[in-house]
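This report concerns only the one structure given below.
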Amino acid sequence: MKSIKNFLVPALFLFILSSNVSAQNFRSEQRKLEATVNLAYKNKKLTATEYSKLKREQEVIKGAIEKAEADGVVTPDEKNKIHSKLVRSRKRLAKYKTNREIY
């Protein structure tokens with residue numbers, strides 16, 4: 001019984017710690033999203049107009065991250081705004097991949 005307890009407590013601690021760290025790593029999430037946008041354009045899943053809109057959106061997200069980290073403290077409000085920008089961009093990318101704009 002004691003060996004199970006000695007295993008579960010550190011495992012639970014590591015799980016909580018790792019989930020908290022990955023949820024707040026906005027720079028890596030933004031880089032992954034930008035790479036996905038570039039790959040979708042390269043594979044002809046996006047039009048040039050859609051690609052330019054998504055690239056502009058990525059620049060806005062980068063600016064928001066830099067602005068939030070400028071003072072060294074990222075407030076919960078800033079975290080929520082950055083997260084919502086990332087989610088919105090992911091949804092827009094998924095929509096653009098399946099629902100083509102025609103110009």
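Summary table
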{"read-out": "Output for the range 47-103, where each listed residue is surrounded by 12 or more Cβ atoms within 10 Å (Cβ to Cβ), among the polar types (S, T, N, Q) and without any contact (Cβ under 8 Å) to a residue 40 or more places away in the chain", "value": "Ser52, Gln58"}
{"read-out": "Members of the range 1-54 that are assigned to a loop (DSSP other than H, G, I, E, B), modelled with pLDDT of 65 or more and more than 17 Å from the chain's Cα centre (by Cα)", "value": "Asn43, Lys44, Lys45, Leu46, Thr47"}
{"read-out": "Flag if Ala64 is closer than 29 Å to Lys97 by Cβ and either modelled with pLDDT of 95 or more or among the aliphatic types (A, V, I, L, M) (or both)", "value": "yes"}
{"read-out": "Matching residues in the range 58-101 - criterion: being in a loop (DSSP other than H, G, I, E, B) and either touching a strand residue (DSSP E or B) at 6+ places or on another chain (Cβ under 9 Å) or more than 30 Å from Lys45 (Cα to Cα) (or both)", "value": "Ala70, Asp71, Gly72, Val73, Val74, Thr75"}
{"read-out": "Residue list for the range 71-93, filter: hydrophobic (A, V, I, L, M, F, W, C) and modelled with pLDDT under 95", "value": "Val73, Val74"}
{"read-out": "Residue check, Ile102 aliphatic (A, V, I, L, M) and modelled with pLDDT of 95 or more", "value": "no"}
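The values are calculated or read from the model by the stated rules, or taken from the named source; none is laboratory data. Remember, predicted model here, so these are calculated numbers, not experimental data. Please note: Cβ atoms are built from the backbone with ideal geometry, for glycine as well, and neighbour counts cover all protein chains shown.
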